[in-house]
Amino acid sequence: MGRLMRRFWIPALLSEELPENDGAPVRVRLLGEDLVAYRNTTGAVGLVAENCPHRGASLFFGRNEEAGLRCVYHGWKFDTSGACVDMPNEPPESNFKHKVNVSAYPTRERGGAVWAYLGPKELEPELPDLEWSLVPDSHRYIGKNYQENNWAQAVEGGIDSSHSSFLHRWLDPEARAKVTQPWLKTAAAEGRFKAQDTSPRFMLKPTDFGLLIAALRTVPDHGFFWRMTPLYLPFYTTIPTHLEPGQPYAGHAWVPIDDEHCWTYTVTWHPERPLTNEEVEWWMWQKGVADNGPGYKPTRNKGNDYLIDREMQRTVTFTGITSSGTEDRAVQETMGPIYDRTKEHLGTSDTAIIGFRRLLLQLARALQEGKEPYAAFHGDAYRVRSASVMVGHNASYDEVVELARERLTVPA
Amino acid sequence: MGRLMRRFWIPALLSEELPENDGAPVRVRLLGEDLVAYRNTTGAVGLVAENCPHRGASLFFGRNEEAGLRCVYHGWKFDTSGACVDMPNEPPESNFKHKVNVSAYPTRERGGAVWAYLGPKELEPELPDLEWSLVPDSHRYIGKNYQENNWAQAVEGGIDSSHSSFLHRWLDPEARAKVTQPWLKTAAAEGRFKAQDTSPRFMLKPTDFGLLIAALRTVPDHGFFWRMTPLYLPFYTTIPTHLEPGQPYAGHAWVPIDDEHCWTYTVTWHPERPLTNEEVEWWMWQKGVADNGPGYKPTRNKGNDYLIDREMQRTVTFTGITSSGTEDRAVQETMGPIYDRTKEHLGTSDTAIIGFRRLLLQLARALQEGKEPYAAFHGDAYRVRSASVMVGHNASYDEVVELARERLTVPA
Amino acid sequence: MGRLMRRFWIPALLSEELPENDGAPVRVRLLGEDLVAYRNTTGAVGLVAENCPHRGASLFFGRNEEAGLRCVYHGWKFDTSGACVDMPNEPPESNFKHKVNVSAYPTRERGGAVWAYLGPKELEPELPDLEWSLVPDSHRYIGKNYQENNWAQAVEGGIDSSHSSFLHRWLDPEARAKVTQPWLKTAAAEGRFKAQDTSPRFMLKPTDFGLLIAALRTVPDHGFFWRMTPLYLPFYTTIPTHLEPGQPYAGHAWVPIDDEHCWTYTVTWHPERPLTNEEVEWWMWQKGVADNGPGYKPTRNKGNDYLIDREMQRTVTFTGITSSGTEDRAVQETMGPIYDRTKEHLGTSDTAIIGFRRLLLQLARALQEGKEPYAAFHGDAYRVRSASVMVGHNASYDEVVELARERLTVPA
């Protein structure tokens, strides 16, 4: 799995974490490696091993100056490619600096994130054309939360439409709109529909980008309620929130820090217009990003039982935990960092999870046999949206397929 | 040893921790297992594995409603027997819920505690008829402290009469009564006697309930001072505090949380009348229960050296640590969670400890050979009190035996 | 290495930690052993295993009285030799106390420190005649800091003259004198010289006391700038701060707490006169000792990134970290507790470090072959100072040797 993950460009940190050229370096732990990121004099982002190759002092304390990061211990300086460009404590005639470099990974910036590629140089893939990463900055907002469990355990929550009938239920769905944002009518309607059919049927379709997951609910007096979630490899989703067209989209990336921790990125965007402040505020509140303390660590966390309010649980929401992002973390983290899957009892509602695990195992095995993952080298495969649609009980199969195609496709 | 412990009903938590029907569930760690306890709609107490059998979300966050605990992740609901009584995210026609259950242990309530049995269903034992568990609520007070060491290490402190001449000594025994409670004359007298003979002789007698431990001190001008401590299997004691009849009794249970932590329950009771507020306050102060912060965790603890006061140690008490319960924890916890017994040097004063260890090993071995512990299946064997008596130097052997029998027996 | 370390007297704690006879015992962790130190009724210092040999209660809570330390659990009392001198819970006729003792190590007091010898009794060495340990108390000040890495990793920082051109550089050397102490002209001059030649050449000379390390810099318009650092076995240095004679000396000892922690002792002294308050304050500020919180633990530490100030790093000092002692800890601790040396890239500037490692390995091997380290048994070998000298570009070899000899020798 580690090797498979190193075939993709992945978000390493937010661009906002490196706000200025020659500013303070930041620590980045990614795929179990301790790294330091810095924005150099030209604005390029370097991503290097934390420990100086000389004697191991932390480059986090380094001087970020004149297009390089200089270790404070003996003044060795490295550029973003990892080359040692100055070694002032060795005699001027020494050739030693040409023999030394620091481990460095290539980076790109797009969509408010700094992307890194941690795989073999000769196999550098394409950046994924996720819609949110391509729209203008004004059309998008991106944030993140620290999460204390394995990344795949988090992805499994994201593709499990079944839980949204329960974990995120408001006891009185109308109350939700009132309590949070008066203009959020769609959420209330969706909540009602999810509560009316709590055992959706799942259909999975393997795709170029990963997996298209469709959950079907039957809603009396309305019709068939389809929620279609793309799972883009290796760890992205877009939430099917679009019952009424014209609203912002939202999605996630779950980036492995190491086997027992991940970053939950939340992004919201509108393909065609700038986001309003209300839209940004609502999504970041909803996903628990607004709840972060220093270091993007949520103030509602495992250590304080997510500040569960038992009275609220009795009378307002299913959990008594504020915000659906925090609800998701609560169930995912309290499984433990890596849950023992032999203790599970998976039902038909877990079809998407089973499909996701199979896909990962299949890709990992294929890679062992020398077969590279298609998605990594075809960024345009990611040009797919989610969809949330209601079709009449008497809609024909062809009508549904046509509607889905239309809603899922990102316009060129 | 783990198997032996699972032959007995053991206190799992205090009844007060589940104050109301359909109230908030609480976490219970017991014999190394992570469990959740809840009081359901009918008042019955459920005790189930913390992780939902579906995908492992913590049932601590569960909804306690309509005679069951419902997981907030996908709404699966379990009754106190562990049966899955609702599985709303599977299709109505599904039979899956009949194939799934959560690990659940039977519980009983008695004496202010919720008791649990964690052994094989077909071998369910009897509740122990400890006197405190049978008196009316008004006649008893029960509390507990979190303790950071192995349960047996704590029991060994409880049956070691020898240490009470030192660890709990007041430099001026008269001062004790003044500092704590003016009416506590007996304690002062006992303190004097213990200080006068600091090397008691021990006699052990194996019994139906466990072990009767007698410590004999010779007190000039008074006679023979006997302190008789019953050690009831697997981890209960009653303190021999009754030099003058008519006072409340007090005792302990040391319940294993896991190998390195235990709950120290302290209970005080009067067989014949309600306790006074003064009596309750004194015992809970004395045993450090009054000192608890949230989660029954003592504010005087290993991390802050039990707030030892060196000036007080020089002038008032042997330790400078406030309350004898805290003194006990101080010596037991600072051995480390499980002390390396090969480093010990046991003397004649450790006779009770040696006897206790032999008894446990013998019972564990017997169990391996298929022989069940007698006490577990004979609750009435526990109808024994402690005794603290002074007999004249010229008392006959028969007189002592008769006096002991009278004092040790719980009236029918 | 552990065996080699146990051939020397080593500083166990500061004398100030045991301010009074029969005062409170203190915990001391040394070479991976948990010990308790106490000053008895006669002023002698006992250093014994923390756990009582009876049942393992911590002797930290012991009663320090009448020339011995008495365990609070059962009153066993031990003298500074470790002998059990009272065992009041055993019968008077018992002979048990003569069979029991607590592990105890011999101690000496000198130079504001309590020294301990943790090796075989029959091989007791001599105390090292370090100059600071022999001057009157008024001529010396000694402090210490807790440091979270292996002791050798810290020593390596102390003998690495090369880093002082960078880690401790003031961007404007003149500013240093102004910011810290107006009278500190020499430091500013040294700073200028170190910045002018940043790649010193190293010469090592094995000696009776350990290693003499000379770093040579060429300074235009001034001449050759020599800094000579004695590394006294196993872990002491004196800093070459004496460009102008007549100032106080300063040095370090890095004493292993265990493999991953050490005490950094800092001492400053004047061979001929009492120190002024300004001198003491400056050195203790400079070395981060003034920054200590409770337990000699620095308030600027790994957990808070040493309170690095990025603006100060841009404009005032090379690191933005206050005080050179804290700068040293920052680079040494952030390598991790024991850095993986296979990841290093050592250059010519690391000659002293390479020589130190070779010396240690050579002595450890020699000890395995039964050859005791010379320095341990010859305290007078330590009568050596550091030197910091500037000689003209045309000085003869003989002149340099003569000057060095004069400056390095401690007058009899």
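The values are calculated or read from the model by the stated rules, or taken from the named source; none is laboratory data. Predicted model, so just to flag it, every value in this text is computed and none were measured. For neighbour counting, all protein chains shown are included, and Cβ atoms are generated from backbone atoms with ideal geometry for every residue, glycine included. With ligands, DNA and RNA removed, areas are computed over all heavy atoms of the protein, side chains included. Shrake-Rupley method; radii C 1.70, N 1.55, O 1.52, S 1.80 Å.
Extending 7 Å from Cα along the Cβ direction at B:Thr342 and again at B:Arg27 yields two label points whose distance is 3.5 nm.
Here the stretch C:44-60 is scanned for amide nitrogen atoms under 18 Å from the site 7 Å beyond the Cα of C:Ser94 along Cα-to-Cβ, giving C:52-58.
Amide hydrogen proximity for B:Leu13: with H placed 1.01 Å from N in the peptide plane, the residues at 5 or more positions away or on another chain lying under 5 Å are B:Val114. Which residue, chosen from B:Ser396, B:Ala364, B:Val384, occupies the Cα position most advanced towards the positive end of the dipole of the stretch B:359-412, where the dipole is computed from +1 (Lys, Arg) and -1 (Asp, Glu) charges on Cβ about the Cα centre? Of B:Ser396, B:Ala364, B:Val384, it is B:Ala364.
Whole-Hz Karplus values for the stretch B:330-337 come out as 4, 6, 6, 6, 7, 5, x, x Hz, taken residue by residue from phi with 6.51 cos²θ - 1.76 cosθ + 1.60 and θ = phi - 60°; glycine and proline positions read x.
Remark: C-alpha extents of the stretch B:282-412 on the principal axes read 47, 46, 35 Å, sorted largest to smallest.
Taking amide H as placed 1.01 Å from N in the peptide plane, C:Lys144 has its amide H under 5 Å from the amide H of C:Thr266, each at least 5 places away in sequence or on another chain. Partner shielding of C:85-98 amounts to 4, given as the average count of beta-carbon atoms from other chains within 10 Å of each residue beta-carbon.
Of the three principal axes defined by the Cα atoms of the stretch A:14-120, the extents in descending order read 45, 27, 20 Å. Placing +1 on the Cβ of every Lys and Arg and -1 on the Cβ of every Asp and Glu, with nothing else charged, gives the stretch A:264-310 a dipole about its Cα centre of roughly 260 debye. Between A:Gly43, A:Leu59, A:Tyr73, the Cα set farthest toward the positive side of the dipole of the stretch A:28-167 (charges on each charged residue's Cβ, about the Cα centre) is that of A:Tyr73. Accessible area per residue was computed with a 1.4 Å probe on protein heavy atoms; B:Thr348 scores about 80 Å². Our coupling estimate for the stretch B:110-118, obtained by passing each phi through the Karplus curve with A = 6.51, B = -1.76, C = 1.60 and θ = phi - 60°, is 6, x, x, 10, 9, 9, 10, 10, 9 Hz, Gly and Pro reported as x. Of all aspartates and glutamates in the structure, the ones whose alpha carbon falls short of 13 Å from that of B:Lys287, not counting any fewer than 8 places away in one chain, are B:Glu279, B:Glu327, B:Asp328. Between B:Thr299 and B:Ala412, the C-beta separation translates, for a Förster distance of 45 Å, into a calculated FRET efficiency of about 0.60.
Measuring nothing but how far apart in sequence close Cα pairs (under 8 Å, 6+ apart) lie, relative to its length, the stretch B:257-412 scores a relative contact order of 14 percent. Rolling a 1.4 Å probe over the protein heavy atoms leaves B:His163 with an accessible area of roughly 10 Å².
Sequence gap at least 6, Cα distance under 8 Å: using those rules, report the relative contact order of chain B to the nearest whole percent. Computed value for chain B: 19 percent relative contact order. With helices as the sole contributors, chain B gives -6500 deg cm²/dmol at 222 nm; each DSSP H run of n ≥ 4 counts as -39500 (n - 2.57), and the sum is divided by every residue.
Taking 25 °C and 0.890 mPa s as conditions, the stretch A:185-336 diffuses translationally at an estimated 142 µm²/s according to Stokes-Einstein applied to its Kirkwood radius (Cα pairs).
Exceedance of the 27 Å cut-off in Cα-Cα distance is limited, within the set A:Lys297/C:Lys343; B:Lys302/C:Lys77; C:Lys302/C:Lys343, to A:Lys297/C:Lys343.
For a Förster distance of 41 Å, can you work out the FRET efficiency between the beta-carbons of A:Leu307 and A:Asp137, rounded to the nearest 0.05?
Using R0 = 41 Å, I get an efficiency of 0.80.
Return the single residue from B:Phe202, B:Phe96, B:Phe61 with maximal mean-square fluctuation; model: Gaussian network over chain B, springs between Cα atoms under 10 Å. Its mean-square fluctuation being the largest, the pick is B:Phe96.
The H on the amide N of A:Arg385, modeled in the peptide plane, is under 5 Å from the matching H of A:Thr409, A:Val410, each at least 5 residues off or on a different chain.
Given charges of +1 on the Cβ of Lys and Arg and -1 on the Cβ of Asp and Glu, with all other atoms neutral, how large is the dipole of the protein assembly as shown about its Cα centre, in debye to the nearest 20? Write down the numbers at each step before the final one.
Numbers: 135 positive and 162 negative charges, 239 e Å.
Computed about the Cα centre, the dipole is about 1140 debye.
Out of the stretch A:259-311, which GluC sites (Glu not before Pro) are coil in DSSP terms and have no more than 13 other C-beta atoms within 10 Å? Counting only loop positions with at most 13 other Cβ atoms within 10 Å, the GluC sites (Glu not before Pro) in the stretch A:259-311 are A:Glu272. Ranked by solvent-accessible area (1.4 Å probe, protein heavy atoms only, all chains present), the residues B:Glu65, B:Glu124 order from largest to smallest as B:Glu124, B:Glu65. Charged side chains reduced to their Cβ positions (Lys and Arg at +1, Asp and Glu at -1) give chain C a dipole of some 600 debye around its Cα centre. Here the mean projected area of the convex hull built on the C-alpha positions of chain B is 22.0 nm². The largest accessible area among A:His270, B:His345 belongs to the first residue in B:His345, A:His270, and the rest follow in falling order (1.4 Å probe, all chains). Centre-to-centre, using Cα atoms only, the stretch A:107-161 and the stretch B:196-275 are separated by 65 Å. Rounded, prolate or oblate, given the Cα gyration tensor of the stretch A:333-378, with a/c below 1.5 counting as rounded? Here the stretch A:333-378 falls in the prolate category.
Comparing C:Pro206, C:Pro234, C:Pro294 in a Gaussian network model of chain C where C-alpha atoms under 10 Å apart are linked, the largest mean-square fluctuation is found at C:Pro294.
Going from most exposed to least, what order do A:Lys343, B:Lys121, C:Lys302 have by accessible area with a 1.4 Å probe?
Result of the area sort, largest leading: B:Lys121, A:Lys343, C:Lys302.
Which shape class applies to the protein assembly as shown: rounded if a/c is under 1.5, otherwise prolate when a/b exceeds b/c and oblate if not, where a ≥ b ≥ c are the square roots of the Cα gyration tensor eigenvalues? In terms of gyration-tensor shape, oblate. Unpaired Cys in chain B, meaning no second Cys C-beta under 4.7 Å: B:Cys84, B:Cys262.
From the Cα gyration tensor of the stretch A:188-239, with a ≥ b ≥ c the square roots of its eigenvalues, which class applies: rounded if a/c is under 1.5, or else prolate if a/b is larger than b/c, or else oblate? Prolate, since a/c reaches 1.5 and a/b exceeds b/c.
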